[in-house]
Structure formats: C-alpha cells, structure tokens
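The values are calculated or read from the model by the stated rules, or taken from the named source; none is laboratory data. No experiment lies behind these values; they were computed from the predicted model shown. Cβ atoms come from the backbone with ideal geometry, glycine included; neighbour counts cover every protein chain shown. The area values use the complete protein model at the heavy-atom level, side chains included, leaving out ligands, DNA and RNA. Shrake-Rupley method; radii C 1.70, N 1.55, O 1.52, S 1.80 Å.
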Amino acid sequence: MKKHMKRFQSLYWQQFLLTAGTVMLALVLMGVSFYALSYNYIVREKYQEMHDRAEVVAQLSMPYLESIRNSDKQDETLQRLAGVASLMSETDFLIADKTGQVLLTTDASLAGKSIRLPQQITQEILSKPEGYQGRSNLDIYDRKQVVVGVTMAAPGSTQPVGMVLAMMNVTALTEMWETFAALLLMTSAIVLMLAFIASSLMSMRQSQPVSEMVKATRAYAAGNFDVRMHDIDRTDEFGELAASFNDMADALAETERQRRDFIANISHELKTPMTTIAGYTDGILDGTIPPEKEKQYLQIISDESRRLSRLVRRMLDISQIQSKEMKKSEFDLCESMRLALLSMEHKILDRDLDVEAEIPDSPVMVLGDNDLLTQVTYNLLENATKFAAPQSTLYLGLSTDGEKARVTVRNLGATIPVEEIPLLFERFHKSDKSRSVDKDGYGLGLYVVKTILELHKERITVTSEDGITTFSYTVQLADGQRHERM
C-alpha cells in the first residue's frame, strides 16, 4: 500500500494527474457553457419560429373563420392550408375560437375529438399582446408540448375572434441536445485520451532525468563518482541541469582525488621523521649506536621532532585558515610588508642575500585581513629565500594599479619548468624532488598562499624565465585610498 501511494506521489504522477485534471476541467466548463448558451439561443429561436408560423396561419385562417361552420369545402381548404404549414416544420397547429373551442387541428391523433383549451391558457392568449408561450399538455396530451399561442383579429380591428396555437413535442428539442451531448462526450474522450498520451510522454521525459539524478546522487553518496547524466544535449532547463550535475560530479571526483593524494602525501611526510625518530631511538636503547655517538643521533632525533611538529602546526594553520571567518578591515599594506621582511631577516642573512625593497614611504591602505595577508607575504619571501642563488638579490615591491595594490616578490635561481608552474600551489607539491632532503619544506607554504588569496577573492601570478622567478598578487585598495589616487 505504501509503495502504491508513493508511486502516485511521484513527480510523474503528480504532473500527469495535474495535466489530466486541467484538461478535464476545461472541457467540462467549455461544454457546460456552450450547452447553456446554445440551448437558450436555440429555444428562443424555436419559440420565435413557432410564433411567426402561428401568425402566418392566423392571417391565412381569418377569411375562413366566419364561414367555417357553414361550408365543408372551405373547412377542407383551411385544413389543407394548416397542413401545409405543419409540413414545413415539426409543428402542429390548433385553430380555436375565442372561447377556446378547437375548430381545426393538424394533429391526426386528435381528429374527431371535441377539444377545448384550458381556460388559463385561453385567457393569457387573449389578454397579452405577445400571446402565450410555454410548456403544457393542454389537458389533451400525455406529455408536455412546447406551445405558442397568438390571436386572430379581423383586419382593422383589435378584437380577437379566435386564436392559433403552434405545438411541438419537447422530445424534438431534447433529441438535438442528446445528440450534442453524445458528440461532446465523444470529442471529450478523444481529447482526453490525446491529452493523457501527451502528458504521459512529457511527464516521463521530465521525470527520467530526475530519476537518473537520484540514482547518481546515491552513487555519489556511496563514493562512486563515475556516474554521469546522459541528457546534456537537451536545450531546456533539464539539459542545463544535467550539464551542471556532470560538472558537479567532475568537481567531486577531483576533490576525492585530491583527498586521497593528500592522505598519501601527509602519510609519506609523517612517515619519514617518525621512522627516523623510532630507528635512532631504538638504536640508542639497544646499544646499536655507541655511547660516544649518542649526542649526535639525539640531535637528529630532536631536529626530526621539530620538523614533525612544524608539519603538524602547518596543517593546523591550513585547517584554521579554511574554517576561519575572515574579518576585513583597512590597514597599511606597507607596514605589513615591512613586518614580514623583518621576520625573514635571519633566514635572508643565512643565505647571504641582498634585499631590494620598493615599498612606498606613505601608507597604502588596503581592505582585507591584516594577519592573513601578512602571512601571504611572509610565505612568498620564505619560498623565494629557499630557492634563491647564494649572494643574489631578493626583491620585494609594492605598486598600485586602478583599484588594486600589487605585491611582487622576485628572486634569482633555478628556472621553474613551464609544466610545473600550475602545480606550485597544490598541497605537498615540490618542484625540486630533493627538497625533502636538503630543504626544510613540506610543499604547503604556497598552498596556504593560494587559500588565503581565494578567501579574499584575489589572484596571484607566477613567471619564471632565465632563472628569474616572480610571484605577484593583488589586494583591494580601501575606498579612501582609491579616491585619493583618482
């Protein structure tokens, strides 16, 4: 039962039933409206037609009314005259005097009978200029008839001398409407069937990609990112949704690949110092390392412990940066750059490098997170210092361009291969494969730079030619700073 109800609550059935209900309601409303309007119109037309014919019969009957009782020939003439009028339509006629006594009838079923019209109808015909119209059995029929009655008066006189009644069986009217109802029902059934087929096809076409997305979503939840949508060639919204869904799947697959690479890389990076620490510690404890060399190996253990600590701390820094709610404020970028340069003084001196700094004396106010952007400058300087040729010059400069401030860090050293440049900002990437041996790095510094700049919605560019490598990133100038430069 639940499965059955769930089926009818699906997108397919909801749309199908909505379309079918709308079509049925439209057909019913149109049928009822047309039926009511046309029925009233036809009834009015039929009453008018019967009234006109009754008037004609009344005019033709008037010359014979005075002598109808004295001459059978004239009676037969009037009989034929009324019969012709009756044959011209489905109408029977009664000709009566002003007392309501029927003198002549075209209805063969009433031949030979003495008939007197109901007094109420007689009075209404004689008293109203428009005569009588309505439905009545006239006390002579089993079923009600559609009746129209008019008076007969001599030319030039307003005094009625008799009356003519035109009668038609109600069945003659209802048959037409029964035919109409059958035609309407048949047309409605055909239209509904076509609407159901069209709605079914459309609903299936629209629900199919949704069903595929549900299956794909379940596959993604299970870790399978190889499932793709197949309706990307459609030009409607579902085609756009399918294309976007595939793009999302590609992004998820790439994220999963990066996650696996990250786990593999960090496992490798953690394994090296931990293996060294464990090996040398066991060597000291079991006497493999002689006492006179214990201090040397204890120093190695201490260095590897600090290296491991720095790696963990750097990973925590990345996690905090990614989860941090950035607080933008106006600050002097020049002061931030000077602080980063001073923090690098010891490492710069150890590499015997000269520094060329082009930092304006006047403040350059920018909008951003001061601590994070200072970290960006520090990481770029640290990276440039590690790979700069000894006794070369390290460059740090600041310039403004429109609404942006641009920070540039440049060093002289080995040229970075073109194919390596797009990979510089990935986690644990090292363009120098021997870096983990003779350089104190983990491939996370530039990844931190990219993460911080993405939080600020800023860009960083890298060029490396003829041994000169240049990193350059932008920062949004503060409003006041922009107005001053304009």
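Below, the figures for the structure above:
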item: Full-stretch length increase - R218, E419 - with 0.36 nm per residue and alpha-carbon distance subtracted; result: 68.7 nm
item: HN-Hα J in Hz across the stretch 294-304 - Karplus 6.51, -1.76, 1.60, θ = phi - 60°, x for Gly and Pro; result: 4, 4, 4, 6, 5, 5, 5, 4, 5, 5, 5
item: In the stretch 324-383, GluC sites (Glu not before Pro) in a DSSP loop with at most 14 other beta-carbon atoms within 10 Å; result: E325
item: Largest-first ordering by accessible area, 1.4 Å probe, given options E49, E237; result: E237, E49
item: R0 of 22 Å, Cβ-Cβ distance R205-S33: FRET efficiency to nearest 0.05; result: 0.10
item: Ordering of 160-168, 289-297 by packing [mean C-beta count within 10 Å, highest first]; result: 160-168, 289-297
item: Probe 1.4 Å - accessible area at T106, Å² to nearest ten; result: 30
item: Length added when fully stretched, E335-Q123, from 0.36 nm per residue minus Cα-Cα; result: 64.8 nm
item: Simple label model, 7 Å out from Cα along Cβ direction - S343 to E49, nm; result: 10.2
item: At R0 = 41 Å, FRET efficiency that the Cβ-Cβ distance of A357 and A278 yields, to 0.05; result: 0.35
item: Solvent accessible area, Å² - H230, 1.4 Å probe, full protein context; result: 140
